[in-house]
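Undergrad: Structure provided below as structure tokens; questions to follow.
The values are calculated or read from the model by the stated rules, or taken from the named source; none is laboratory data. In this text, all values refer to a predicted model and were calculated from it rather than measured experimentally. Positions of Cβ are backbone-derived with ideal geometry, glycine not excepted, and every protein chain shown enters the neighbour counts. We work out accessible area using only protein heavy atoms, side chains counted, and drop any ligands, DNA or RNA first. Shrake-Rupley method; radii C 1.70, N 1.55, O 1.52, S 1.80 Å.
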Amino acid sequence: MNTAGILCIILAGGQGKRMASADTHKVCFPIAGIPAIVRAVDTYKQAGIREFLVVVGQMAGQVMATLAASHPEITFVYQAEPRGTGHAALVAAEALAARGFHGPVMITMGDKVTRPAVVQALLECYAAGRPDALVTTLPRDQETSAGRVLERAPGQALAIVEAPDIRRARADGVPLCIGGQIFTADQVEQQAATVNASLYLFDFDRLHGALRRLSPGNAQGELYLTDTVEFLAEHGARVATHVVPDARDLMAFNTPAELLEIERVIRERVGAPTVAVRPEESLGPGILRPGREWLAALEQPGADLRRTFRDTYGADSDAIEERRQALLELARAFVAQFGPDRPMVLCRAPGRINLMGRHVDHRGGHVNVMAINREALLAAAPREDDLVRLRHLDVTRFPNREFHVFDLLRDETWPDWMDFLESHSARRVLAAAPGDWSHYARAPLLRLQYQCRHTTPLRGMDCMVSGNIPMGAGLSSSSALVVAFAVAAVGLNGLDLTMREFVDFCGEGEWFVGSRGGSADHAAIRTSQLGRISRLGFFPFRAAGDVTFPDELRLVIAHSGASAVKSAGARDTFNHRVAAYGFAQMILRRRWPAAAGMEHLRDLVPHRLGVQDADLFRALCLLPARPTRTQLRGLLPEDDHPRMEQIFATHANLAPYDLRGVTLFGLGECLRGERFAEVLEKRDLDAVARFMRASHDGDRRFRHAADGTASRFRVCTDDRCLNRLADMDAPLIDQCGRYACSTAAIDRLVDIANATRGVIGAQLAGAGLGGCMMILVRRTACDRLLNRLRRQFYDPNHLPFGAMICHPVAGAGLLSLGRGRSPATIGLAPMER
């Protein structure tokens, strides 16, 4: 066909809200590296079309700049307000009429992805029959939301009926009048064998007249371009249909999932891999190696691997040998399951201990953390699709699991990560298998895929997992799994993340499981250094320095005999405490002028506000003591209610909120977390002891006498007590407040330890409600301490001895056989300090 007189109108006025991007227009998203609208114009030009008019509206500047960079000759017309596709086409038609245009026009959307041969076939069909309008259709897919095409005879269109109008007719029980005929919603669905593909050819004068007669009397209150089909057919025009048999030849997208599916089709069509990054290129040869090579290297470690072991675990030959055997066992299991020739990476992610700064990382406070010599291990082989297959050495406790990375994100589009977490899709998966170990593998992959949902389909992995971090001990066994899978995914997909982004994505990813904690555990697991304690800050994440763990001290971790299981009840308790922080901050911003600009609780400490400790004690009197949900709704103004209800949704309605106790604990802990590394480095062990005592007392629920009898531990936060602290000029840093996440058993262990000569301090480890406690003790007093714990706690309670000495090891990373890049830098930019 001679295409010289055909003009192509491209509608690109709407933003495409379902793409959930505030800064990229829908048609500007790249497909295999080329913006969608540029790819579309390239295709139409290859089919012979030379003249274009593009309708722009929202984010017009971005669309125009994107097109002009590749097609500077294109003309644009502006749609001032988004009133539907019919209105956009009318804006273009009025502009063409003003210049006296009368030729045929092709109309399509800016997100249309097709091939030149498909467009040429449409043009030839139009040239052969010369209808007044030609509608391109696709075979009906039961799940499609495209408009249904009704025909009066084969190849002759009667009308296009949009899905919202069908839904409204069904809901209201009202028939549809189409082309002078009456149809029920079900009749439309039954008779429509094809759907609209949104690619049309029109006689311009016929089109212009039809557009001028459009009405917004439909379910969406817009002007539909598709209504021109019914108008033209009713007024004697010839409206033909042209079927494209294969839907992959004429695609469009409304969601990130659909965009990535189009990218997959395009890559398959040109013979490119369905994922853009080859891991062997991003990782280097020393990290991604066949399983048989890892087996050989672990059976007889060379100098490079031995050096890696020393840099990771220290000089203790027994500890290194134990870890070598664990890695060898994992590699053997991987090879047995997936074969000796599969290229794989080996990843380790240690547990962690937080020496000071509990429950405040999500308030912007500092933590003082070290990775310990207990770890999760992961052997992972990249796949060409997004399937993740999980296998564990302990298959009885951790059954085989499989999932697709994009499955949950494919269902709908959410404007932000929190909306996804609260969606029915996410809740359904968690409810189907509460606490399942696969959730901790899925969590970071979902968060990473959500972040790059418009650009990169993540690879799946075949995985073998093992580990020796006690579960429910408060040593971050679950967060170690999250970090291990995140490290593997970043490396195998060649993602370019800063350390700050990596840590934030891990923390936010674990929210998928249900808790709403911070990123301190993930930061410690990823960034820790051999023999060091790291001081980390948050919002933004930053490494604020590190100090050497003192040679004269040892860290003992003792299990209470009860696991800190992250059940629904435990999550409710944790999130209830976090909620108390949030409500206290809302109220203080409004009632205390000094707090008006507070963003995080850490901003409320005296040296940042320029006030005295006494001022903070008096300010806490402005908080209601223990308000209920109903009382909070009455206390806070309407504009705080959306955020308040969002916080309520994170937990069950357990009890009134201890705003004063939780906030007093948080303020003191922020100060202790900020200064702990400094006093430890100065060997001011009296200050270390004071900080640890106040920190644990904030979580304490019982005090034990020497004979083991327990009494309730109480902290007074009424006006009288707070004013007394102010009058006494009491140091805020020494105040424990009341967070109350310890247990009777942990409190007993703490009291036994604190009564032992040579112990510097003892306190809860982890988030609490079970698990472990930690003891900082002089090296010379270790045996004395361990014997007392056995005699006074484990033996009387008929518990297996559960205390162990831990030392600081290196943070998580990919192991290398020495011929690739440093495993500490795989996929991660240097950490901001």
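Undergrad: Hey, among Ala68, Ala47, which residue is open to solvent by less than 30 Å² (accessible area, probe 1.4 Å) and at pLDDT below 95? Break it down into steps so the answer makes sense when it comes.
TA: Values: Ala68 fails: open to solvent by less than 30 Å² (accessible area, probe 1.4 Å).
Just one listed residue meets the conditions, Ala47.
Undergrad: Let me ask something additional. Tell me yes or no: at least one residue of the range 71-79 is closer than 18 Å to Gly5 by Cα and open to solvent by less than 40 Å² (accessible area, probe 1.4 Å). Give the steps one after another, and end with the answer.
TA: Going residue by residue through the range 71-79, those that are closer than 18 Å to Gly5 by Cα are 73-75.
Now narrow it down to the ones that are open to solvent by less than 40 Å² (accessible area, probe 1.4 Å): 74.
Yes, because at least one residue in the range 71-79 is closer than 18 Å to Gly5 by Cα and open to solvent by less than 40 Å² (accessible area, probe 1.4 Å).
Undergrad: Considering every residue within the range 443-453, establish whether at least one is out of contact with any helix residue (DSSP H, G or I) (no Cβ under 7 Å at 6 or more places or on another chain), under 30 Å from Phe29 (Cα atoms) and among the small types (Gly, Ala, Ser).
TA: No, the range 443-453 contains no residue that is out of contact with any helix residue (DSSP H, G or I) (no Cβ under 7 Å at 6 or more places or on another chain), under 30 Å from Phe29 (Cα atoms) and among the small types (Gly, Ala, Ser).
Undergrad: Also: Could you grab me the full set of residues in the range 552-584 that are open to solvent by less than 10 Å² (accessible area, probe 1.4 Å), in contact with a helix residue (DSSP H, G or I) (Cβ under 7 Å, 6 or more places away or on another chain) and within 25 Å of Ala625 (Cβ to Cβ)?
TA: Scanning the range 552-584 gives Ala579, Ala580, Tyr581, Phe583, Ala584.
Undergrad: Turning to a different aspect of this structure: Do you know which of the residues in the range 713-746 that are closer than 21 Å to Ala687 by Cα and assigned to a helix (DSSP H, G or I) is most open to solvent (accessible area, probe 1.4 Å)?
TA: Asp734
Undergrad: Another question, then. Can you tell which of Asp42, Asp23 is closer than 29 Å to Pro457 by Cα, acidic (Asp, Glu) and open to solvent by less than 60 Å² (accessible area, probe 1.4 Å)? Reasoning before the result, please.
TA: Working: Asp23 fails: open to solvent by less than 60 Å² (accessible area, probe 1.4 Å).
Sole residue among the options that is closer than 29 Å to Pro457 by Cα, acidic (Asp, Glu) and open to solvent by less than 60 Å² (accessible area, probe 1.4 Å): Asp42.
Undergrad: Now a separate question. Enumerate the pairs (first residue in the range 387-413 and more than 18 Å from Pro434 (Cα to Cα) and at pLDDT 90 or above; second residue anywhere and open to solvent by less than 60 Å² (accessible area, probe 1.4 Å) and hydroxyl-bearing (Ser, Thr, Tyr)) with beta-carbon separation below 8 Å, excluding pairs fewer than 6 apart on the same chain, so at least 6 apart or on different chains.
TA: Pairs that qualify, where the first residue is more than 18 Å from Pro434 (Cα to Cα) and at pLDDT 90 or above and the partner is open to solvent by less than 60 Å² (accessible area, probe 1.4 Å) and hydroxyl-bearing (Ser, Thr, Tyr), are His392/Ser466; Leu393/Ser466; Asp394/Ser466.
Undergrad: Is one or more of the residues making up the range 202-219 crowded, with 19+ Cβ neighbours inside 10 Å, of a type in the set (A, V, I, L, M) and in contact with a Pro (Cβ under 8 Å, 6 or more places away or on another chain)?
TA: No, every residue in the range 202-219 fails to be crowded, with 19+ Cβ neighbours inside 10 Å, of a type in the set (A, V, I, L, M) and in contact with a Pro (Cβ under 8 Å, 6 or more places away or on another chain).
Undergrad: Restricting the search to the range 501-531, which residues are surrounded by fewer than 19 Cβ atoms within 10 Å (Cβ to Cβ), closer than 30 Å to Ala753 by Cα and out of contact with any Pro (no Cβ under 6 Å at 6 or more places or on another chain)?
TA: Gln529, Leu530
Undergrad: A follow-up question, please. Identify the residue in the range 92-113 that is touching a strand residue (DSSP E or B) at 6+ places or on another chain (Cβ under 6 Å) and assigned to a helix (DSSP H, G or I) and, among all such residues, is surrounded by the most Cβ atoms within 10 Å (Cβ to Cβ).
TA: The residue in question is Ala92.
Undergrad: Touching a residue at least 60 places away in the same chain (Cβ under 8 Å), surrounded by fewer than 22 Cβ atoms within 10 Å (Cβ to Cβ) and touching a Gly at 6+ places or on another chain (Cβ under 6 Å): does that describe Pro30?
TA: Details: touching a residue at least 60 places away in the same chain (Cβ under 8 Å): yes; surrounded by fewer than 22 Cβ atoms within 10 Å (Cβ to Cβ): yes; touching a Gly at 6+ places or on another chain (Cβ under 6 Å): no.
So Pro30 fails the test.
Undergrad: Now for a different question. Mind listing whichever residues of the range 19-41 are more than 25 Å from the chain's Cα centre (by Cα) and assigned to a loop (DSSP other than H, G, I, E, B)?
TA: Those that are more than 25 Å from the chain's Cα centre (by Cα) and assigned to a loop (DSSP other than H, G, I, E, B): none in the range 19-41.
Undergrad: Output the residue which, of all residues in the range 360-375 that are open to solvent by 10 Å² or more (accessible area, probe 1.4 Å) and within 21 Å of the chain's Cα centre (by Cα), is farthest from Thr308 (Cα to Cα). It would help to see each step written out before you state the result.
TA: Narrowing the range 360-375 to residues open to solvent by 10 Å² or more (accessible area, probe 1.4 Å): 361-363, 366, 373-374.
Going one step further and asking which of them are within 21 Å of the chain's Cα centre (by Cα), we end up with 361-363.
Details: Asp361: 31, His362: 33, Arg363: 36 Å.
Top of the filtered list is Arg363.
Undergrad: Something else about it: Is it fair to say Glu681 is of a type outside the set (Val, Ile, Thr), within 31 Å of the chain's Cα centre (by Cα) and open to solvent by 40 Å² or more (accessible area, probe 1.4 Å)? I'd like the intermediate steps shown before the answer.
TA: Values: of a type outside the set (Val, Ile, Thr): yes; within 31 Å of the chain's Cα centre (by Cα): no; open to solvent by 40 Å² or more (accessible area, probe 1.4 Å): yes.
It is false that Glu681 is of a type outside the set (Val, Ile, Thr), within 31 Å of the chain's Cα centre (by Cα) and open to solvent by 40 Å² or more (accessible area, probe 1.4 Å).
Undergrad: Mind counting the residues in the range 540-551 that are modelled with pLDDT of 95 or more, in contact with a strand residue (DSSP E or B) (Cβ under 8 Å, 6 or more places away or on another chain) and not hydrophobic (A, V, I, L, M, F, W, C)?
TA: The initial filter retains those residues of the range 540-551 that are modelled with pLDDT of 95 or more, namely 547-550.
From what's left, in contact with a strand residue (DSSP E or B) (Cβ under 8 Å, 6 or more places away or on another chain): 547-549.
Then drop every residue that is not not hydrophobic (A, V, I, L, M, F, W, C), which leaves 548.
Adding up the residues that qualify gives 1.
Undergrad: Taking Ser560 as meeting all but one of (1) closer than 29 Å to Ala803 by Cβ; (2) free of Cβ contacts under 8 Å to residues at least 40 places away in the same chain, write down the number of the exception.
TA: Checking Ser560 against (1) closer than 29 Å to Ala803 by Cβ; (2) free of Cβ contacts under 8 Å to residues at least 40 places away in the same chain, the one that fails is (2).
Undergrad: Kindly indicate which of Gly351, Gly435 is modelled with pLDDT of 85 or more and over 30 Å from Ala36 (Cα atoms). Working first, answer last.
TA: Working: Gly435 fails: modelled with pLDDT of 85 or more.
The conditions single out Gly351.
Undergrad: Can you name the residue in the range 165-191 that is part of a loop (DSSP other than H, G, I, E, B) and within 16 Å of Asp227 (Cα to Cα) and is also most open to solvent (accessible area, probe 1.4 Å) among such residues?
TA: Pass one, the range 165-191, residues part of a loop (DSSP other than H, G, I, E, B): 173-175, 179-180, 184.
From what's left, within 16 Å of Asp227 (Cα to Cα): 179-180.
Numbers: Gly179: 21, Gly180: 62 Å².
So, considering only residues that are part of a loop (DSSP other than H, G, I, E, B) and within 16 Å of Asp227 (Cα to Cα), the one most open to solvent (accessible area, probe 1.4 Å) is Gly180.
Undergrad: Of everything in the range 139-164, what is more than 15 Å from Ala247 (Cα to Cα) and in a loop (DSSP other than H, G, I, E, B)? Give them in sequence order.
TA: Answer for the range 139-164, where residues must be more than 15 Å from Ala247 (Cα to Cα) and in a loop (DSSP other than H, G, I, E, B): Pro154, Gly155, Glu162.
Undergrad: For the range 508-531, indicate whether the set of residues that are in a strand (DSSP E or B) and either hydroxyl-bearing (Ser, Thr, Tyr) or at pLDDT 90 or above (or both) is non-empty. Lay out the reasoning, then the answer.
TA: In the first step, residues of the range 508-531 are kept if they are in a strand (DSSP E or B); the result is none.
No, the range 508-531 contains no residue that is in a strand (DSSP E or B) and either hydroxyl-bearing (Ser, Thr, Tyr) or at pLDDT 90 or above (or both).
Undergrad: Here's another thing I want to ask about it. Anything in the range 477-494 that is over 12 Å from Leu445 (Cα atoms) and open to solvent by 10 Å² or more (accessible area, probe 1.4 Å)? List them, or say none.
TA: Ser477, Ser478, Gly494
Undergrad: Since Ser476 meets every condition but one in (1) at negative phi; (2) hydroxyl-bearing (Ser, Thr, Tyr); (3) modelled with pLDDT of 85 or more, which condition does it not meet?
TA: All conditions are met except number (1).
Undergrad: Is it true that some residue in the range 630-650 is on the phi > 0 side of the Ramachandran plot and modelled with pLDDT under 95?
TA: Step one: list which residues in the range 630-650 are on the phi > 0 side of the Ramachandran plot, which gives none.
Looking for residues that are on the phi > 0 side of the Ramachandran plot and modelled with pLDDT under 95, one finds none in the range 630-650, hence no.
Undergrad: Given the residues Gln337, Gln300, which is the only one that is among the polar types (S, T, N, Q), open to solvent by 10 Å² or more (accessible area, probe 1.4 Å) and without any contact (Cβ under 8 Å) to a residue 12 or more places away in the chain? Walk me through it before giving the result.
TA: On the way: Gln337 fails: without any contact (Cβ under 8 Å) to a residue 12 or more places away in the chain.
Gln300 is the lone residue from the list that is among the polar types (S, T, N, Q), open to solvent by 10 Å² or more (accessible area, probe 1.4 Å) and without any contact (Cβ under 8 Å) to a residue 12 or more places away in the chain.
Undergrad: In addition: Can you name the residue in the range 788-815 that is surrounded by 15 or more Cβ atoms within 10 Å (Cβ to Cβ) and of a type in the set (Phe, Trp, Tyr) and is also nearest to Gly302 (Cα to Cα) among such residues?
TA: Tyr794
Undergrad: Shifting gears a bit: Only residues that are outside any helix (DSSP H, G or I) and in contact with a strand residue (DSSP E or B) (Cβ under 7 Å, 6 or more places away or on another chain): list them for the range 478-497, please.
TA: Step one: list which residues in the range 478-497 are outside any helix (DSSP H, G or I), which gives 494-497.
Scanning the range 478-497 gives a single hit, Leu497.
Undergrad: Starting from the range 719-732, take each residue that is closer than 10 Å to Cys621 by Cβ and list its partners that are aromatic (Phe, Trp, Tyr) and assigned to a helix (DSSP H, G or I), counting only C-beta distances under 8 angstrom and pairs at least six apart or across chains.
TA: Close Cβ pairs satisfying both conditions: Leu722/Phe617; Asn723/Phe617; Ala726/Phe617.
Undergrad: Additional query: Is it the case, given these coordinates, that Arg148 is within 24 Å of Arg83 (Cα to Cα), in contact (Cβ under 8 Å) with a residue 24 or more places away in the chain and buried (at least 16 other Cβ atoms within 10 Å of the Cβ)? Let's see the steps before the verdict.
TA: On the way: within 24 Å of Arg83 (Cα to Cα): yes; in contact (Cβ under 8 Å) with a residue 24 or more places away in the chain: yes; buried (at least 16 other Cβ atoms within 10 Å of the Cβ): yes.
Answer is yes for this residue.
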